[in-house]
Amino acid sequence: MTVNKELIEKIRRKIVSEKGDLINRIYYEEGAGLLIEVSRGNLREIAYYVHEILDTYLRTVAGVDERPIKGVFSAYYVFGLDGYGLNIIVVTHMPPEDPKLPSITDIVPSADWYELEMYDLLGIRFSNRKLYRFVLPEDWPEGVYPLRKDTPYNIRPKPVKSQKQVLSGPRIPVGPYHPALHEPEYFELYVEGERVVDVEYNGFHVHRGIEKLGESRFTYQQVPFLAERICGICGFVHSVCYTQAVESAAKIEVPERALFIRSILLEVERLHSHLLWIGVACHLLGYDAGFMHAWRIREKTMILAELLTGSRKTYGINLVGGVKKDINNDKINATMKTIEWVENEFKKLVEVITSIPQIVKRAKGTGILPRSDARKLSVVGPVARASGLKRDVRKDYPYAAYKYVSFKVPVYSEGDNLARLLVRVDEVFESINIIRQLLDQLPQGPIMSEEIEIPENAIGVSSVEAPRGEDIHFVITGKDNKLYRWRVRAPTYQNIPALKVMLKDAPLADAPLTIASIDPCFSCTDRIQVVDLSTGKRRTISFKELQRYNICPRCGL
Amino acid sequence: MVEGCFMLKPSNILKKSIWVFHLNTGGCNACDIEILDVLTPYFDAERFGIRLVASPRHADLVLLTGPITRKTLPKVVRTLRAVPRPRLVLAIGACAVGGGIWHDSYGVIGGIEALKRVLEEQGVVIDKLVYVPGCPARPEAIIYGVAVLLGIAKPKVKETEVEVIVR
């Protein structure tokens, strides 16, 4: 990440002159950003200043147990200065006996989940807000915080009785746990008749303790393999994001050819992911022919990925300092042929999809996310771009080989489901275009850097534009060839809170498409609970069944 | 139900098309999209009569993917209890087979072996289990796994007793 030095100095001076008396220390660290150390009493004021006056958005928050090295708990609030490619990191420390912070959710609404997560996993309390069990299972005992350094990664505490209150009123569960097709995630929709009034999210069923594993059991070069398994759809995004974060913390120069190969694979992954989503969207709209066609086209990109990396998914070719597998001329030719075929077939499919009035009518004007809400909630990726925010990490924080190619960032202002569909359709064509340019310019040279030395206690922040939006990894390096802290923030994390706005006052029948329209890691919304507020009746129905409110003629694919 | 019918081979009961239920117990999605791949045009498992259903009560076979996380465990047990017998399970992917890369993390209880112990305590019987390793399991392997389970194809490995060290 290269940022204009003068610009940093200008911003630094601006902050010092306006808020200098509230800041303990301000300094620039290459690979991370502009760090502002504040005491916890001034956190709210500085957060307001950085978020509102400097016009930034919250990218991630990392709570760190720094007791073994600094004797404190810390919280790193990473804000992004849109369009400048600069991170402003607000750091605050807490004494170990009283880990407590003022909540900033009223200033930065998107901080809500981060605070809950810090409370759950690190035991940091927040004043002026409601705190509840969020990530960990209900039967997890109080007072065991897995991300604290004195908690072993393989701890298996005995289950305790759940504290959760059972909601009153008749409850008719239709089918037990129901992840048919989808990941186990869980939404509660509150409805009045057919109108959605509110939505609640109850997730983290797939919490596997990845961050803790990366900090304890794995070494630097093993973590990319773990990172790939965060998500089976956009896994390469995570491994690139992790390696970049470590590389920027340790200031490792990566050979150009490796950067090109990474970019090519990222775009191949985007192709398969967008085709997958377009297929699922068609399926949710009851247009199964479109679903099958999209997946027929997508299969070629999977075969292409296998040709380039050796695996259909979880490519496993990424390492800190470069990549393991090269691309030769035969592979370049085969790739060119495949993407041409995909382009032609996809063009035909798009023509059909966009000319079917039933599809367009269902998608147009539903699930609207206005621009102002999109900004306030710090949404990312196609969701942001469909609401008129020109936010694309590939342009804003150029990484890998994206500075060598020219491409358009599709932006629509409508903010509805159709806009989100069209953004993804445009991006498929842009991806094909990017792959072509990268293959044409592929430079010669090594694919792995020779010298890899990683210093201790260096901070690295890196972001990658995943198919679903911006993915951010925050690392602090440690000793023994291991990470000290690894914070992963996937794009869906930022986008799910926006569903509250999108679903409000919408008809129930539009809910499945709207929920899927943020592409929550392959519409992981398996089960939806419908509560009829007018009668107080609560029943649980599956996502599949909710589809029956639509025109879905056959359930079960 | 007659206890005796469970003694028969599944292939004697399930002769025609087999209905599958997809159960993600906390996996990363890679195996899950490969399962979908199996059902879409390129592999098109529906030509063998393999069809995805929305309810475990309709299912002949459960496609289990992912390590069993602590949060999904009670729900997984309930789902498997709802499957009619003979209860057939295909453990797909490295995580489902043995917990995979997560096997000793605080967030998961392990793979299908750990789940089997819990199921045993709760009186849920799995009548037949076939492992499909891979990370993720390839679509061909998933189809092959179903064929092995039904007795159409022969398994490539023999059953041998190994000592499993359980923490």
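The values are calculated or read from the model by the stated rules, or taken from the named source; none is laboratory data. All values reported here derive from a predicted model rather than from experimental measurement. Glycine gets a Cβ as well: all are built from the backbone with ideal geometry, and neighbour counts include every protein chain shown. Quick note on the areas: whole protein, heavy atoms, side chains included, nothing else; ligands and nucleic acids left out. Shrake-Rupley method; radii C 1.70, N 1.55, O 1.52, S 1.80 Å.
List the accessible area buried at the contact between B and A, summed over both sides and calculated with a 1.4 Å probe, in Å² to the nearest 100. Could the numbers behind the result be given before it?
On the way: alone 10330 and 22230 Å², together 27720 Å².
Interface between B and A: roughly 4800 Å².
Counting helices only, and only those DSSP H runs with n ≥ 4, report the 222 nm mean residue ellipticity of chain B as the sum of -39,500 (n - 2.57) divided by its residues, in deg cm²/dmol to the nearest 500. Mind dumping the intermediate values first?
Working: 6 runs with 53 residues, N = 167.
About -9000 deg cm²/dmol.
Could you give the Stokes-Einstein D for region A:210-494 in µm² per second, using the C-alpha Kirkwood radius, 10 °C, 1.306 mPa s? Display every interim value, and only then the final one.
Working: Rh = 19.4 Å.
Taking Rh from Cα pairs, D becomes 82 µm²/s.
Once amide H atoms are built 1.01 Å from N in the peptide plane, which residues 5 or more positions from A:Ala506, or in another chain, come under 5 Å H to H?
Distant-sequence amide H within range of A:Ala506: A:Val196.
Taking every DSSP beta bridge with both residues inside chain A, roughly what % is antiparallel (nearest 5)?
Around 75 percent antiparallel, to the nearest 5.
Cα gyration tensor of region A:196-274, axes a ≥ b ≥ c as square roots of the eigenvalues: rounded (a/c below 1.5), prolate (a/b > b/c) or oblate? Let's see the in-between values first.
Working: a/c = 2.50, a/b = 1.41, b/c = 1.78.
Judged from the Cα gyration tensor, region A:196-274 comes out oblate (a/c at least 1.5, b/c at or above a/b).
Within straight cross-link reach of A:Lys70, meaning Cα distance under 23 Å, which lysines are found once same-chain residues fewer than 8 apart are removed?
Qualifying lysines at Cα under 23 Å: A:Lys100, A:Lys149, A:Lys212, A:Lys479, A:Lys482.
Suppose R0 equals 51 Å; then what is the FRET efficiency for A:Glu37 and A:Lys325 from their Cβ-Cβ distance, rounded to the nearest 0.05? Walk me through the numbers on the way to the answer.
Values: r = 42 Å, r/R0 = 0.83.
Here the calculated transfer efficiency is 0.75.
Taking a 27 Å limit on the Cα-Cα distance, which of the listed pairs B:Lys71/B:Lys128; A:Lys348/A:Lys408; A:Lys364/A:Lys504; A:Lys313/A:Lys347; A:Lys130/B:Lys71; A:Lys376/A:Lys504 fall beyond it? Walk me through the numbers on the way to the answer.
Numbers: B:Lys71/B:Lys128 25 Å; A:Lys348/A:Lys408 21 Å; A:Lys364/A:Lys504 16 Å; A:Lys313/A:Lys347 25 Å; A:Lys130/B:Lys71 22 Å; A:Lys376/A:Lys504 17 Å.
Exceeds cut-off: none, every pair is within range.
Taking only DSSP H segments of four or more residues, each worth -39500 (n - 2.57), what value at 222 nm results for chain A once the sum is divided by all its residues, to the nearest 500 deg cm²/dmol? Numbers along the way, then the final one.
Working: 19 runs with 213 residues, N = 557.
Using -39500 (n - 2.57) per qualifying helix, the result is -11500 deg cm²/dmol.
What is the calculated FRET efficiency for B:Val164 to A:Lys161, with r their C-beta to C-beta distance and R₀ = 25 Å, to the nearest 0.05?
Details: r = 31 Å, r/R0 = 1.24.
Efficiency for this residue pair is about 0.20.
Taking only the alpha-carbon atoms of region A:349-403, what semi-axes of the equivalent ellipsoid follow from 5 times the gyration tensor eigenvalues under a square root, in whole Å, largest first?
Details: eigenvalues 150, 68, 7 Å².
Those come to 27, 18, 6 Å.
When the scattering of region A:223-322 is computed by the Debye formula from its Cα atoms alone, each counted once and equally, what is log10 I(q)/I(0) at q = 0.12 Å⁻¹?
The Cα Debye sum returns log10 ratios of -0.44.
Which residues of region B:85-124 end up with at least 30 Å² less accessible area in the presence of all protein chains than when their chain stands alone, using a 1.4 Å probe?
Those residues are B:Ile101, B:Trp102, B:Asp104, B:Ser105, B:Tyr106.
If I model a spin label at A:Glu97 and B:Arg47 as a point 7 Å from the Cα along the Cα→Cβ vector, what separation in nanometres do I get?
Label-label distance for A:Glu97 and B:Arg47, simple model: 7.3 nm.
What whole number of Å gives the distance from the Cα centroid of region A:57-110 to the Cα centroid of region A:290-355?
Going from one Cα centre to the other spans 39 Å.
Provide the per-residue ³J(HN,Hα) series for region A:132-145, in order, calculated from phi with Karplus coefficients 6.51, -1.76, 1.60 and θ = phi - 60°, each as a whole number of Hz, with x at glycine and proline positions.
8, 4, 10, 9, 6, x, 4, 8, 6, x, 5, x, 10, 10
Need one number: % antiparallel among DSSP beta bridges in region B:18-150, to the nearest 5.
Numbers: 2 of 19 bridges.
Given both bridge residues lie in region B:18-150, the antiparallel proportion sits at roughly 10 percent.
What size of dipole, in debye to the nearest 20, comes out for the protein assembly as shown about its Cα centre when the only charges are +1 on Lys and Arg C-beta atoms and -1 on Asp and Glu C-beta atoms? Please report the intermediate quantities before stating the final value.
Details: 96 positive and 87 negative charges, 317 e Å.
For this selection, approximately 1520 debye.
Rounded to whole Hz and in sequence order, give me ³J(HN,Hα) for region A:125-131 from the Karplus expression 6.51 cos²θ - 1.76 cosθ + 1.60, θ = phi - 60°, writing x for Gly and Pro.
Working through the residues one at a time gives 9, 10, 8, 6, 7, 7, 10 Hz.
Which distance in Å, rounded to a whole number, links the C-alpha centroids of region B:31-110 and region B:111-150?
8
Return the whole-Å distance between the Cα centroid of region A:243-258 and the Cα centroid of region A:411-464.
Taking the Cα centre of region A:411-464 as reference, the centre of region A:243-258 is 15 Å away.
For region B:18-150, go through all pairs of different Cα atoms, get the mean of 1/r, take its inverse, and jot down that Kirkwood value in Å. Display every interim value, and only then the final one.
Values: mean 1/r = 0.0693 Å⁻¹.
Taking every pair of different Cα atoms in region B:18-150, averaging 1/r and inverting gives 14.4 Å.
Quick one: Kirkwood hydrodynamic radius for chain A, alpha-carbon pairs, angstrom, one decimal?
Details: mean 1/r = 0.0410 Å⁻¹.
Kirkwood hydrodynamic radius for chain A: 24.4 Å.
What is the pair-distance distribution P(r) of region B:64-141, computed from all Cα-Cα distances in 5 Å bins starting at 0, with each bin given as a whole percent?
3, 17, 27, 26, 18, 8, 1
Report P(r) for region A:5-127: all Cα-Cα distances, bin width 5 Å, range 0 to the bin holding the largest distance, values in whole percent.
2, 11, 23, 25, 19, 13, 5, 1, 0
Calculate the dipole size of region B:18-150 relative to its Cα centre from +1 charges on Lys and Arg beta carbons and -1 charges on Asp and Glu beta carbons; express the result in debye to the nearest 20.
Numbers: 14 positive and 12 negative charges, 104 e Å.
Dipole magnitude for region B:18-150 comes out near 500 debye.
For a quick check: with amide H placed at 1.01 Å from N, whose amide H comes under 5 Å from A:Ser449's, ignoring anything fewer than 5 positions away on the same chain?
Residues meeting the criterion, in which the H sits 1.01 Å from N, are A:Gly322.
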